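Asks: Have a look at the structure that comes next, please.
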Amino acid sequence: MMLSSGQLNKISLKVLRYRKGLAQGELADLLGVKQATVSHIETFRMTPSPKLHKKICEVLELSENFPIAYSDEKKN
């Protein structure tokens, strides 16, 4: 997705998960993590490791460089 300024608009993990029809617990199971971990990532309290990011992209069938929002950039 592109913003009018030409910058990439990052999509949150929560939106991507909804698009796949997955509950937090289901995604957590597929990733091999606890549901709390998915919750923390979705609420911008945690940034996944590069290894977990790669697994997220695999599970959600995204390219590894897909721009996922892992922080609330509006607050920055």
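The values are calculated or read from the model by the stated rules, or taken from the named source; none is laboratory data. Nothing here was measured: the structure is a model prediction, and the numbers come from that model. All Cβ positions, even for glycine, are placed from backbone atoms using ideal geometry, and neighbour counts span all protein chains on display. All accessible areas refer to the heavy atoms of the entire protein, side chains included, with ligands and DNA or RNA removed. Shrake-Rupley method; radii C 1.70, N 1.55, O 1.52, S 1.80 Å.
Asks: Do you know which residues across the range 22-35 are surrounded by 12 or more Cβ atoms within 10 Å (Cβ to Cβ) and without any contact (Cβ under 8 Å) to a residue 24 or more places away in the chain?
Replies: The initial filter retains those residues of the range 22-35 that are surrounded by 12 or more Cβ atoms within 10 Å (Cβ to Cβ), namely 22-31, 33-35.
The answer is Leu22, Ala23, Gln24, Gly25, Glu26, Ala28, Asp29, Val33, Lys34, Gln35.
Asks: Does the range 37-53 contain at least one residue that is open to solvent by 50 Å² or more (accessible area, probe 1.4 Å), over 16 Å from Phe66 (Cα atoms), touching a Gly at 6+ places or on another chain (Cβ under 8 Å) and not in a loop (DSSP other than H, G, I, E, B)?
Replies: Checking the range 37-53: not a single residue is open to solvent by 50 Å² or more (accessible area, probe 1.4 Å), over 16 Å from Phe66 (Cα atoms), touching a Gly at 6+ places or on another chain (Cβ under 8 Å) and not in a loop (DSSP other than H, G, I, E, B).
Asks: Something else: Return the total of residues in the range 54-76 being open to solvent by 30 Å² or more (accessible area, probe 1.4 Å), at pLDDT 95 or above and within 13 Å of Lys14 (Cα to Cα).
Replies: Result for the range 54-76: 0.
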